[in-house]
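Just below is one structure, and these are the notes that go with it.
The values are calculated or read from the model by the stated rules, or taken from the named source; none is laboratory data. Every value quoted in this text rests on a predicted model; they were computed, and no experiment measured them. Don't worry about glycine lacking a Cβ; one is built from the backbone with ideal geometry, like all the others, and counts go over all protein chains shown.
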Amino acid sequence: MPIVAAESAEPPPEDALKASLFFAWRKPLIYAAVSGPKMERSVLSGLLSHSLSQFPSEYEVILSHGDPNGPSVPVREGNLTVYGWVENQYELLKASDTHTEQYGNAMRACNMGFAELIPQREVSTERLLDATKRLLSSQTDTVHRLVKTTIGTDAIETAARRIMSLASESKSS
């Protein structure tokens with residue numbers, strides 16, 4: 001279960017976005033989005049539901065079961081909000097202080113020092129809470145490292161060059 005510190009939100013500001021989504025803007029917002037094949041989603045959703053429902057009230061927690069046929073109306077249980085399917089995932093990602101991530105992206109983030117990886121068999125309330133606290137306490141350092149790593153890069157230009165390069169290679173084959 002990869003956990004990644006979220007990037008700083010651009011407009012709207014994080015606290016205003018949290019408030020617009022009806023979450024307490026003074027509390028850290030944790031977003032866990034489950035994805036993958038149906039059986040894997042079911043197992044992981046169960047593990048996360050159990051663990052995240054026990055998070056202290058000082059956190060706002062969102063869990064999406066990742067079921068495209070599931071209800072998009074949230075169910076609130078204490079400080080845990082559960083969705084079957086999230087329509088506004090982008091807003092939730094921008095508002096969250098930490099979030100889960102797909103394995104490949106998370107491994108890259110771990111290698112860069114921006115995330116922690118918790119194997120599914122080791123998911124527990126304690127492990128998730130410890131990782132969350134570490135990521136939130138190191139968030140300022142993480143953001144500075146991310147900015148330093150990406151300064152001077154233009155992702156769109158780099159992607160466009162790579163696409164053009166691949167396209168010209170396939171034409172010459």
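Brief remarks on what is shown
- The stretch 74-116, residues that are out of contact with any strand residue (DSSP E or B) (no Cβ under 8 Å at 6 or more places or on another chain) and among the hydrophobic types (A, V, I, L, M, F, W, C): MET112
- Listed by first and then second residue, the pairs with beta-carbon distance under 8 Å, at least 6 apart or on different chains, first residue in the stretch 113-126 and assigned by TED's automatic domain parsing to the domain that holds SER45 and farther than 17 Å from VAL43 by Cβ, second assigned to a loop (DSSP other than H, G, I, E, B) and modelled with pLDDT under 90, are ALA115/GLU101; LEU117/MET1.
- Residues in the stretch 99-115 that are outside any helix (DSSP H, G or I) and surrounded by 17 or more Cβ atoms within 10 Å (Cβ to Cβ): HIS99, THR100, GLU101, PHE114, ALA115.
- Residues that are at pLDDT 80 or above and over 15 Å from the mean Cα position of the chain (by Cα) number at least 3 in the following helices (runs of 4 or more DSSP H) confined to the stretch 1-98: 38-52.
- In the stretch 118-138, residue modelled with the lowest pLDDT [restricted to those that are of a type in the set (Gly, Ala, Ser) and surrounded by fewer than 16 Cβ atoms within 10 Å (Cβ to Cβ)]: SER138
- Evaluation of PHE55 against the conditions (1) of a type in the set (Phe, Trp, Tyr); (2) surrounded by fewer than 21 Cβ atoms within 10 Å (Cβ to Cβ); (3) over 21 Å from LYS133 (Cα atoms) shows that the sole unmet condition is (3).
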